[in-house]
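J.: Pasting a structure below so you can have a look.
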Amino acid sequence: MAADRARNDLEIYDAVADRWWSDEVRWVRALRNLVPGRLGWFDRQIDWAGRAVLDLGCAGGFMAEALDARGARVTGIDPAARAVAAARAHAAAEGREIDYDVGGGEALPYGDAGFDAVVCVDVFEHVADLHRVLAETARVLRPGGLLLFDTINRNRLARFATVTMAESVLGLLPRGTHDPALFITPAEMRRALQGAGLVPGRFTGLGPRGIDRRGDPVFGRLPATLILYMGVARKPAAG
């Protein structure tokens, strides 16, 4: 499947940067609701306290602030400059010491082996060069460090759920958010992780588990990886 130039619209994050923390935008609220569901599983993989963590693809800072609240020393990076500015301003207003940078995963502006963990959510299905991003992720991880991520499976059901339903019918995402050609099967992800020198661990599903008082979905771990899935990979320890 060839990439669709009319899709994978990364300008949506900057377009709502001034309302990122306002709860006015439904699809942004949905992104915020994903954080507890992701961390419900990520928390089982690592003790965040005191760890140097990179939030790769931080957007307006939802995940970064949740990690800071768990005691991690957080750095966030994203190519959406206005979203990063919103994240930086909100962290300052909350008294959170989070470092934010503008940049992409293909060329991370950090030295080797600087992070105990990299968290990368809602990102891999948007990048043009997955292998380069994973190589950079492996480079900045310390030996024994973890990559914790989620992404979207590539199949008809995932396309129907995330594009047809979420974008076109329910309006949970802006039209053009995703290009199904960039979706990644779990088998492809495992091979790509191994190619970057990372050791894949467990994968598990992620999806809606209910609806909150505003009618927005709330999310959590699911047994099936048919649509959204989370995973963990480790950089081998030195020796």
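J.: Quickly run through the stretch 169-226 and pick out the residues that are assigned to a helix (DSSP H, G or I), touching a residue at least 60 places away in the same chain (Cβ under 8 Å) and within 17 Å of Glu125 (Cβ to Cβ).
T.: Hits for the stretch 169-226 are Pro180, Ala181, Leu182, Met189, Ala192.
J.: Continuing with this model, one more query. Give the residue, chosen from Asp150, Asp129, that is within 25 Å of Asp47 (Cβ to Cβ) and either at pLDDT 95 or above or under 14 Å from the mean Cα position of the chain (by Cα) (or both).
T.: Asp150
J.: Could I ask something else about it? Of all residues in the stretch 113-126, count the ones that are assigned to a strand (DSSP E or B) and within 8 Å of the chain's Cα centre (by Cα).
T.: Within the stretch 113-126, the subset assigned to a strand (DSSP E or B) is 115-120.
Then keep just the ones that are within 8 Å of the chain's Cα centre (by Cα); that gives 119-120.
Number satisfying all stated conditions: 2.
J.: Regarding the stretch 109-119, can at least one residue be identified that is in contact (Cβ under 8 Å) with a residue 60 or more places away in the chain, surrounded by fewer than 20 Cβ atoms within 10 Å (Cβ to Cβ) and either out of contact with any strand residue (DSSP E or B) (no Cβ under 8 Å at 6 or more places or on another chain) or of a type in the set (Lys, Arg) (or both)?
T.: no
J.: Of the conditions (1) of a type in the set (Asp, Glu); (2) under 16 Å from the mean Cα position of the chain (by Cα); (3) surrounded by fewer than 21 Cβ atoms within 10 Å (Cβ to Cβ), Glu167 clears all except one; give me its number.
T.: For Glu167, the failing item is (2).
J.: Let me ask another. What are the residues in the stretch 227-239 that are of a type outside the set (Lys, Arg) and either assigned to a strand (DSSP E or B) or under 16 Å from the mean Cα position of the chain (by Cα) (or both), if any?
T.: Ile227, Leu228, Tyr229, Met230, Gly231, Val232, Ala233
J.: Would you tally the residues in the stretch 213-227 being surrounded by fewer than 13 Cβ atoms within 10 Å (Cβ to Cβ) and under 14 Å from Trp27 (Cα atoms)?
T.: Result for the stretch 213-227: 2.
J.: Here are Tyr110, Tyr100: which of them is within 22 Å of Arg38 (Cα to Cα) and in contact with a helix residue (DSSP H, G or I) (Cβ under 6 Å, 6 or more places away or on another chain)?
T.: Matching residue, one of Tyr110, Tyr100: Tyr100.
J.: Taking Val74 as the residue in question, decide whether it is touching a strand residue (DSSP E or B) at 6+ places or on another chain (Cβ under 6 Å) and either hydrophobic (A, V, I, L, M, F, W, C) or more than 20 Å from Lys235 (Cβ to Cβ) (or both).
T.: Taking the combined requirement at face value, the residue satisfies it.
J.: Okay, next question. Got at least one residue in the stretch 79-95 being buried (at least 18 other Cβ atoms within 10 Å of the Cβ), more than 16 Å from the chain's Cα centre (by Cα) and outside any helix (DSSP H, G or I)?
T.: The answer is no; no qualifying residue exists.
J.: Could you run through the stretch 1-31 and say how many residues are of a type outside the set (A, V, I, L, M, F, W, C), part of a helix (DSSP H, G or I) and either modelled with pLDDT under 95 or buried (at least 19 other Cβ atoms within 10 Å of the Cβ) (or both)?
T.: Final tally of qualifying residues: 4.
J.: Among (1) under 24 Å from Leu206 (Cβ atoms); (2) surrounded by 15 or more Cβ atoms within 10 Å (Cβ to Cβ), there is one condition Leu157 misses while meeting the rest; what is its number?
T.: The single condition Leu157 does not satisfy is (2).
J.: Now for a different question. Restricting the stretch 184-212 to residues that are among the hydrophobic types (A, V, I, L, M, F, W, C), over 22 Å from Ala128 (Cβ atoms) and modelled with pLDDT of 95 or more, which is surrounded by the fewest Cβ atoms within 10 Å (Cβ to Cβ)?
T.: That would be Val199.
The values are calculated or read from the model by the stated rules, or taken from the named source; none is laboratory data. Treat the numbers as computed from the prediction; the structure is a model and nothing was measured. Cβ atoms come from the backbone with ideal geometry, glycine included; neighbour counts cover every protein chain shown.
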